[in-house]
């Protein structure tokens, strides 16, 4: 698992908790990361239509739709890694009885784990998650 989901969920929760547009610098301060990481994730969340940006002197970011219509699963899917369990950089030995099958079985396991996680995340909206901070 990479660090993109925690950053994205933090951004989305900040935006959910405020009706005002929010700057990337403010978000970076809350998350305690470099603003470049926040801006990269903001671009991705805009591309997935989860947030919108406002240009200008009083510009910033806000949710693209009501928080009750955003599931945690949709946030995860916007930032998900290629494989939850990671990926080996080498190709296993095809002459080995384990090596020639391991990637297929790991891919199946990865798919099962991801589906279980998506089911759980899909049961919670951003609005419900945001209530934990009230």
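Laboratory data are not the source of any read-out in this text; all were calculated from the coordinates shown. All figures in this text were calculated on a predicted structure; none of them were measured in a lab. Backbone-built Cβ (ideal geometry, glycine too); neighbour counts: all protein chains shown.
Footprinting exposure proxy ranking of 76, 26, fewest other C-beta atoms within 10 angstrom first, gives 26, 76. The peptide list 31-37, 11-17, 125-131, put in order of mean Cβ contacts within 10 Å with the highest first, becomes 11-17, 125-131, 31-37. The slack in the chain from residue 124 to residue 77, taken as 0.36 nm per residue of separation less the alpha-carbon distance, amounts to 15.5 nm. The translational diffusion coefficient of the chain, from Stokes-Einstein at 25 °C and 0.890 mPa s with a Kirkwood hydrodynamic radius over alpha carbon pairs, comes to 149 µm²/s.
A helix-only calculation puts the chain at -16500 deg cm²/dmol for mean residue ellipticity at 222 nm, using -39500 (n - 2.57) for each DSSP H run of at least four residues, averaged over all residues. Between helix 35-47 and the chain there is an angle of about 80 degrees, using the helix long axis and the longest principal axis of the Cα atoms. For the range 35-78, just say rounded, prolate or oblate: build the C-alpha gyration tensor, square-root its eigenvalues into a ≥ b ≥ c, call rounded for a/c under 1.5, and beyond that prolate if a/b exceeds b/c, oblate if not. Note, shape of the range 35-78 comes out oblate. Along its first, second and third principal axes, ordered by size, the range 1-64 spans 35, 23, 20 Å in Cα coordinates.
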